[in-house]
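Everything on this sheet refers to the single structure shown next.
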Amino acid sequence: MSRKTTKNTGGKYTDPSASGGASDPGSQSSRDIFADLDATLDEVAESNPRIEGHNTGHSRSDADLQALLEVSLAINSSLVLEDVLQIVMCKAIELMHAERGLIMLLDDDAELQVKSAHNIRKEELTEEDFKISTSITSQVARTGRSVYTSDAMADDRYSQFQSVVELHLRSIMCVPIKIKEDVIGVIYLDNPSESKMFLKSDLYVFELFAQDVANALHNARNYDSLLRLKSYNETVVKDAPVGIIVVDDRGRIHTINAAALEILDINSDAVTIVGEEGKASWLLDFLPETETSRWQHMMNTVLAVGQPFSDPRYFHNTGYIEKVLSINISPLTHLPSGESGITITVEDITEKVLMEKYVIISEKLVAKGEMAAAVSHELNNYLAIVSTNAELMDRNIDAEQFDKAKFNARSITENIGKIKRFVASLMDFSKPETDYISYDAKLLIEDLLFSLRVQSRFKNVRFTIDLGTDMPNLEMDVGQIQQVLMNLLNNAADAIDERIIKQNLDDSTFKKEIAISSLWDEEAEQCHISVKDNGIGMTEETLGKIYTVHFTTKKSGHGLGLANCRKIIEGHHGNMEAESKHGSGSTFKITLPRFQPKKTEAKG
């Protein structure tokens, strides 16, 4: 049998039988096989556009790059993780002409979890749709290397996998999703049809796609983390038991929580936060006019020096009640808007201070016959604390702040018990030793004012406070010095009321004024404290008798208050003076040394 030959014509191989010559008995069968192969290749090429002639290779690459660009724009169009996953899945199916696909991400236990799935044949996915070759996806996640096969059933590498056999898997691509060198998940695609097989060139494009997906998922995860952190911080700030305020270097409010609004008595509807519609609110606009300069100074100091500032006892007057606040201010270098600012924490410690309030009387009487009068005089001062809590309890009940009302009731009961113990202690006529400690005179005065200013007799009094900032602690018996100042303030209030009556003044227009000031004499190491009022004042004759025991100008007085006051001051190695002009007011001046003389032991 002679063998047929073909000849090359112009680079093409031709079959001699095609020109009408005698045909080989097997040539018809061969033509059918080639025809079927051509038809199959045409079908595959139609499903896989990358199978084209040599002359179209360059345009195909351009098309791939254009497709990747469009995909990149699509998957980076959102920062919401769920949205990104859905877009990635749809674009992977579209780009690679796949029938089914899954995105799986590693959880905290390094286990792959399906995050997005797509089956082009079904609108709704069933449990069967999630059955994939876990052997392949696990391998890719573990090794970080892509897997590709045009026919898994015939591929020795994968044909023995149970999932491949059970699911009759054909063309498969699975690529890792990496952030740097860390695998965070995989993208899996398959085509069960023999005519729709993936090519090696598809894998290269798919890997480029996966890298873009990794960047998009990384951004989405970071964005999701920031959102969670923002939500967490907002919740912490919102539910914090202390007031939290953030203002920028211009004083505009960026954050203010419910506790701060309540403490500073600010209506939330009146506040516009930076970033909200409308002009942002300034914090100073919500503070009492008498306090704005002090707040401005505190905030400016922190902004200027970049160091925290605190005021453990700031007396805040809301207009109808006075509160004691603990204020801490810290610098904040970068606000979301890019500006610098400060964080202010405000805590209402009013109840704590009230609990600590108790004026200690250490001065004992020197004569039994004076006991009744002295007890009456001093108990009036103690009863002022009980009266204060009674007024606060009434207001707290009206405001339905029953926890505070319970505290007021308890404070009243406790102070009555202390009064009983005080009365019992007066049976001992011996004078106790003065208890000297180093104490802040400024704090002592502020504490006393807090206790007294809420009383009805002081409500309409305008206090002018000028306490030096450079004054050091003084050695003193805190209870005794507080007793002296309390007497002077009560006398000032009585003198103001007496002037209104005697001069027939209009109580609604006459301004009741009490000024308290302190000055530190560094050279003499002495503190000068003055209490000035615009009351009725005293004549020269009265002024000369005010320290005489049992001398008084009051109908209900007994003449022991100022005598005891001067005795206490002299016991502190200081002095007490008074100036007065009848009809226009009085000024009492106290001088206290910084240190008390040390006791010397007697030598035998």
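Please treat every number below as a calculation from the coordinates, not as lab data. Here the structure is a predicted model, which is why all the values come from computation and not from measurement. Here the Cβ is made from the backbone with ideal geometry for all residues, glycine too, and neighbour counts use every protein chain on show.
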In the structure shown, do any of K180/K230; K442/K511; K502/K532 have a Cα-Cα gap over 22 Å, and if so which?
K180/K230; K442/K511
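Starting with the fewest neighbours, write out C174, C565, C90 ranked by other beta-carbon atoms found within 10 Å of each beta-carbon. Display every interim value, and only then the final one.
Details: C174 28, C565 25, C90 16.
With the fewest neighbours first, C174, C565, C90 line up as C90, C565, C174.
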Please list, in chain and number order, the residues 5+ apart from I177 or on another chain whose amide H is under 5 Å from its amide H, with Hs placed from the backbone.
I184, G185, V186, I187
Rg ratio (alpha-carbon, reference 2.2 N^0.38 Å) - the range 240-348:
1.00
Peptides 383-392, 273-282: what's the order by average Cβ count within 10 Å, highest mean first?
383-392, 273-282
Take the alpha-carbon centre of the range 443-511, take the same for the range 203-227, and report the distance between them in whole Å.
70 Å
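Neighbour counts of other C-beta atoms within 10 Å: give me D477, D398 arranged from fewest to most.
Numbers: D477 22, D398 9.
Ascending Cβ contact count within 10 Å gives the list D398, D477.
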One finds, for N328 and S231 with R0 = 25 angstrom and r their Cβ-Cβ distance, a FRET efficiency to the nearest 0.05 of 0.50
Of L85, L303, L505, how do they rank once you tally other Cβ atoms within 10 Å and put the fewest first?
L505, L303, L85
Compactness relative to 2.2 N^0.38 Å, alpha carbon Rg of the range 72-111:
1.30
Sites Y547 and Y223, calculated FRET efficiency, Cβ-Cβ separation with R0 56 Å, nearest 0.05
0.15
